[in-house]
Amino acid sequence: MRESVQSFFSELLAVVLGIVITFAVQGMIDRAHDRNEVRKALELVRTELVNNREDVSFLKEYLDQELESASYLEKNAALVENLDHLDSLTAETVKYHLGIVDADVSILFPHDALELLKMSSLFQKIGDNALSMKIIRAYDCCSTMTSSIDSHIKARDAQSSEDKPGWILVHDMRLYADDSDISKAITAINVFLRKK
């Protein structure tokens, strides 16, 4: 009888240990899978933010050109009025600057990688709240820039041709083209990925 009880407990212990080991191994596999999925998602976010930062650089260049052209046109208003009577080189220069201040500029920063991160519930699995906040701030920065440049272009285009250069000089948009939050998020993602 005693042997059967010992045998029963031995078998029960083996079964319990087998279950515990199975759960522990499955937990390790799940955590490794989650880390891998988070890594892939963050690499996508980083790529998207790097592209967005390049678009911000384009936007900064355009805003610098817009300000420069507005200044040129403001100083040379008489040339604009007499465009038909100018020599070809001067006329081309004036037309170039008019084209810059009349350019239809719109910029759209994709949020696809962020949406994937949110929908797949991987955001919670990052485990670094500071990194998550930097990513959110970077995308908020992109959204702010998009709406700011759209508002700027609409308000600029509502101005008369004569008033447009002066209006641009007063409403300098370069302040809104600050990519520091995007750069901070990219750096934080790089640091996080190096640690994992």
Exercise. Given the options S57, S160, S143, which has the most mean-square fluctuation in a GNM of the chain, springs set between C-alpha atoms less than 10 angstrom apart?
Worked result: S160
For this session: Once you have the Cα-Cα distance between N76 and L17, take 0.36 nm times their residue separation minus that, and quote the gain in nm to one decimal.
Result: 12.6 nm
Seminar exercise, completed: Residue-normalised 222 nm signal for the chain, counting each DSSP H run of n ≥ 4 as -39,500 (n - 2.57), nearest 500 deg cm²/dmol, is -27000 deg cm²/dmol
Problem set entry | Qualifying lysines (Cα of each under 28 Å from Cα of K75; at least 8 residues distant if same chain) | K60, K95, K154, K164
For this session: List the relative contact order of the chain as a percent without decimals, with contacts defined as Cα pairs under 8 Å and 6+ residues apart.
Result: 33
For this session: Might you report the magnitude of the Cβ-based charge dipole of the stretch 38-195 about its Cα centre, with Lys and Arg at +1 and Asp and Glu at -1, to the nearest 20 debye?
Result: 1400
Exercise. For the stretch 112-121, what does the Karplus curve 6.51 cos²θ - 1.76 cosθ + 1.60, with θ = phi - 60°, yield as ³J(HN,Hα) per residue in whole Hz, taken in order and with x for Gly and Pro?
Worked result: 4, 5, 5, 4, 4, 4, 5, 5, 8, 6
Exercise. When all alpha-carbon pairs of the stretch 1-108 are counted, what percent fall beyond 22 Å?
Worked result: 67
Exercise. Tell me, how many Å apart are the Cα centres for the stretch 38-97 and for the stretch 118-196?
Worked result: 18
Problem set entry | R0 of 30 Å, Cβ-Cβ distance T93-S147: FRET efficiency to nearest 0.05 | 0.35
Exercise. If you take all C-alpha pairs in the stretch 38-195, what percent of them are over 27 Å apart?
Worked result: 40
For this session: Would you mind telling me which residue in M28, M133, M145 has the biggest mean-square fluctuation in a Gaussian network model of the chain, where springs connect alpha carbons within a distance under 10 angstrom?
Result: M28
For this session: Quote the charge dipole size of the stretch 118-196 about the Cα centre in Debye, to the nearest 20; the model charges only the Cβ of Lys and Arg (+1) and of Asp and Glu (-1).
Result: 700
Exercise. Using θ = phi - 60° and the Karplus curve 6.51 cos²θ - 1.76 cosθ + 1.60, what whole-Hz ³J(HN,Hα) does each residue of the stretch 132-138 get, with Gly and Pro shown as x?
Worked result: 4, 5, 5, 5, 4, 4, 4
Problem set entry | Unit charges at the beta carbon, dipole of the stretch 109-196: most positive-side option, S147, G127, W167 | G127
Exercise. Residue by residue, what Karplus-based ³J(HN,Hα) values in Hz, rounded to whole numbers, does the stretch 144-161 have, using 6.51, -1.76 and 1.60 with θ = phi - 60° and x for Gly and Pro?
Worked result: 4, 4, 4, 5, 5, 5, 4, 5, 4, 5, 4, 5, 4, 5, 7, 7, 6, 4
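Quick note: the coordinates plus some simple rules give every number you see, no bench work behind them. What you are looking at is a predicted structure, and each value in this text was computed from that prediction instead of being measured. As a convention, Cβ positions derive from the backbone with ideal geometry for all residues, glycine included, and neighbour counts pool all protein chains shown.
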